[in-house]
1. Would you check which residues across region 135-149 are within 16 Å of the chain's Cα centre (by Cα) and either assigned to a loop (DSSP other than H, G, I, E, B) or of a type in the set (Gly, Ala, Ser) (or both) and list them?
2. Consider only pairs whose beta carbons are under 6 Å apart and that are at least six residues apart or on different chains; among these, list those whose first residue lies in region 137-161 and is under 14 Å from Pro41 (Cβ atoms) and whose second residue is in a strand (DSSP E or B).
3. Has region 155-164 got at least one residue that is farther than 27 Å from Ile60 by Cβ, in a loop (DSSP other than H, G, I, E, B) and at pLDDT below 95?
4. State the number of residues belonging to region 125-156 that are touching a strand residue (DSSP E or B) at 6+ places or on another chain (Cβ under 7 Å) and buried (at least 22 other Cβ atoms within 10 Å of the Cβ).
5. Being crowded, with 17+ Cβ neighbours inside 10 Å and charged (D, E, K, R) is the filter here, so list the residues in region 193-207 that pass it.
6. Among the numbered criteria (1) more than 16 Å from Lys35 (Cα to Cα); (2) of a type in the set (Ser, Thr, Tyr); (3) in contact with a Phe, Trp or Tyr (Cβ under 7 Å, 6 or more places away or on another chain); (4) surrounded by 15 or more Cβ atoms within 10 Å (Cβ to Cβ), which single criterion is violated by Ser161?
7. Quick one: in region 162-190, which of the residues that are of a type in the set (Phe, Trp, Tyr) and in contact (Cβ under 8 Å) with a residue 24 or more places away in the chain is farthest from Gln204 (Cα to Cα)?
8. May I ask you to verify whether Asn134 is of a type outside the set (Val, Ile, Thr) and on the phi > 0 side of the Ramachandran plot?
Amino acid sequence: MPSSKTTSAATPPFGSAPSSAPDNHDSQANLYFWKTIPADPGYLSQWYSMPFTSPDYPGIVFPTAEHYMMYGKAVLFAGPSDPIGAEILSNLNPKAVKGLGRKIPNFDEEVWNKHRERIVQDGNYFKFTSPVPNAEGWVIKGKTLPELLLATGDRLLVEASPFDKIWGVGMDEDNADRAARSKWGLNLLGKALMVVRERIRAEQSKQEEGQEEKSEEAAEKEQKGTG
């Protein structure tokens with residue numbers, strides 16, 4: 001079961017692959033996740049139930065980030081009018097949707113490898129920023145999903161799936177914690193989530209700077225009016 005666990009692992013430079021990071025564990029903590037329960041850190045999972053929308057696909061509600069990923073994959077290879085896309089959207093089970101993703105016509109692995117990270121990054125960005133109104137699961141223990149994500153700081157986000165060496169590390173939490181990072185899988189989902197975290201953090205910082213500038217301008221106008 002995935003959980004938040006403190007280790008002595010050093011966090012690699014932002015955006016670098018775990019395999020390029022030092023093998024020794026010497027400073028900051030990793031945050032491992034995999035399944036959707038418990039909700040924290042299960043909210044990081046592709047299968048976590050969080051209906052959201054995307055300006056890239058107007059009028060569509062994606063039940064999970066997995067749905068966005070597989071629908072994006074379907075559009076990439078089969079086009080938006082192929083029935084496989086509608087089948088993906090109509091099935092609420094993310095496990096079944098993952099299976100449908102293997103049936104997409106005209107699939108080309110080389111092409112997919114070029115686009116997969118962008119699609120998953122986009123899906124998770126909208127998951128954390130564009131929920132449907134009053135979406136169940138948006139708030140966990142009094143915090144919204146983006147608040148929870150930002151609260152992870154600069155921790156290394158690791159999908160501890162023992163079955164997936166591409167999107168995860170190919171190991172469960174305990175084995176990943178003991179293993180050298182050079183033995184890990186690609187952890188592409190963890191890396192995508194860290195990209196999303198940095199994007200949201202930068203947008204929030206820019207918004208706060210804008211609010212400060214407006215407050216300063218208002219204060220200056222008030223001062224001139226009373227001077």
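The values are calculated or read from the model by the stated rules, or taken from the named source; none is laboratory data. Owing to the predicted nature of the structure, the values given are computational and were not obtained by experimental measurement. Using ideal geometry, Cβ is built from the backbone for each residue, glycine included, and neighbour counts are taken over all protein chains shown.
1. Gly137, Trp138
2. Sorted first by the residue in region 137-161, then by its partner, the pairs are Thr152/Leu31; Arg155/Leu31; Leu156/Asn30; Leu157/Leu31; Val158/Asn30; Val158/Tyr32; Ala160/Tyr32.
3. Scanning region 155-164 turns up no residue that is farther than 27 Å from Ile60 by Cβ, in a loop (DSSP other than H, G, I, E, B) and at pLDDT below 95.
4. So the count comes out to 2.
5. Once the filter is applied, which keeps residues that are crowded, with 17+ Cβ neighbours inside 10 Å and charged (D, E, K, R), region 193-207 yields only Arg197.
6. (1)
7. Trp184
8. yes
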